[in-house]
1. Write out, first by first residue and then by second, each pair whose Cβ atoms fall under 9 Å of each other, whose residues are 6+ apart or on separate chains, and whose first residue, in segment 145-159, is under 19 Å from H91 (Cβ atoms) and touching a residue at least 12 places away in the same chain (Cβ under 8 Å) while the second is small (G, A, S) and in a loop (DSSP other than H, G, I, E, B).
2. Just to be sure before I move on: is V178 under 23 Å from V38 (Cα atoms) and in a helix (DSSP H, G or I) in the structure I sent?
3. Looking only at segment 25-36, filter to residues that are over 17 Å from G78 (Cα atoms) and surrounded by fewer than 19 Cβ atoms within 10 Å (Cβ to Cβ); which one of those is modelled with the lowest pLDDT?
4. Which of the residues spanning segment 4-19 are without any contact (Cβ under 8 Å) to a residue 12 or more places away in the chain and surrounded by 13 or more Cβ atoms within 10 Å (Cβ to Cβ)?
5. Looking at P39 and the list (1) modelled with pLDDT of 95 or more; (2) surrounded by fewer than 17 Cβ atoms within 10 Å (Cβ to Cβ); (3) touching a helix residue (DSSP H, G or I) at 6+ places or on another chain (Cβ under 8 Å), which single condition is not satisfied?
6. Among (1) at pLDDT 95 or above; (2) surrounded by 16 or more Cβ atoms within 10 Å (Cβ to Cβ); (3) under 20 Å from K170 (Cβ atoms), there is one condition A83 misses while meeting the rest; what is its number?
7. Please go through segment 60-115 and pick out each residue that is among the aliphatic types (A, V, I, L, M) and in contact with a strand residue (DSSP E or B) (Cβ under 7 Å, 6 or more places away or on another chain).
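The values are calculated or read from the model by the stated rules, or taken from the named source; none is laboratory data. Bear in mind the structure is a predicted one, so any value in this text is a computation, not a measurement. When we count neighbours, we look across all protein chains shown, and the Cβ atoms used for this are built from the backbone with ideal geometry, even at glycine.
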Amino acid sequence: MAQTPLMTALGADDTLLRKIAMVVFGSVLVGMSAQVSVPMFPVPMTLQTLAISLIGLTYGARLAGITLAVYLAQASAGMPFFAGGAAGIVHLAGPTGGFLIGFVAMAALTGYLVERGLDRGFARLFLAAFIPALLLFVPGVLWLWFITPLDLQGALMAGAAPFQLGGLVKSAVAALIVTGAWAAWKNRKA
């Protein structure tokens with residue numbers, strides 16, 4: 001049985017105009033979160049996965065996936081939305097390309113898990129955020145391995161190992177924020 005994402009429960013996506021506004025807001029949020037980064041080579045550490053988790057946890061699968069596709073289109077077309085203010089389609093073919101493309105799947109899968117029952121309570125929301133964030137390393141590391149001279153172990157050490165603790169923390173923070181938002185909405189209705 002499908003569950004209701006937070007933004008749908010709030011009525012924020014009841015018209016096409018509101019959906020467009022959500023997509024624009026979400027894509028800008030991801031672009032801004034890319035600017036909060038720790039420069040690491042070849043993959044920088046950013047707050048993008050936190051923003052993507054929040055979008056997935058609140059928008060649902062379809063709207064979250066569309067939001068991240070729009071983000072990629074905006075950054076590829078020249079908006080400075082990639083880490084460090086970078087822009088251009090060339091970044092999709094660089095070392096972080098697997099992660100960037102994986103962002104769309106991460107957002108959609110997070111929303112899908114919310115729609116399938118992981119929508120309320122900290123533990124469920126944490127799982128809905130953490131599982132897709134963990135799976136993001138599959139395309140990210142495989143692409144890094146393919147595009148650089150690193151072997152698979154090197155790609156894992158450069159593209160996955162340094163990010164595991166941050167992934168746990170960002171998933172927990174996203175779950176806490178959305179749990180709090182649901183509680184505030186419930187209290188407002190009462």
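1. Within 9 Å, the pairs are I147/G94.
2. Details: under 23 Å from V38 (Cα atoms): no; in a helix (DSSP H, G or I): yes.
No, not satisfied.
3. By that ranking, first place goes to V36.
4. Start the filter on segment 4-19 by keeping residues that are without any contact (Cβ under 8 Å) to a residue 12 or more places away in the chain, which leaves 11-12, 14-18.
Of everything in segment 4-19, those that are without any contact (Cβ under 8 Å) to a residue 12 or more places away in the chain and surrounded by 13 or more Cβ atoms within 10 Å (Cβ to Cβ) turn out to be A12, R18.
5. Unmet condition: (1).
6. So the condition that A83 fails would be (1).
7. If we filter segment 60-115 for residues that are among the aliphatic types (A, V, I, L, M), which is where we start, we get 61, 63-64, 66, 68-70, 72-73, 75, 77, 79, 83, 86-87, 89-90, 92-93, 100-101, 104-109, 113-114.
Within segment 60-115, A75, A83 meet the criteria.
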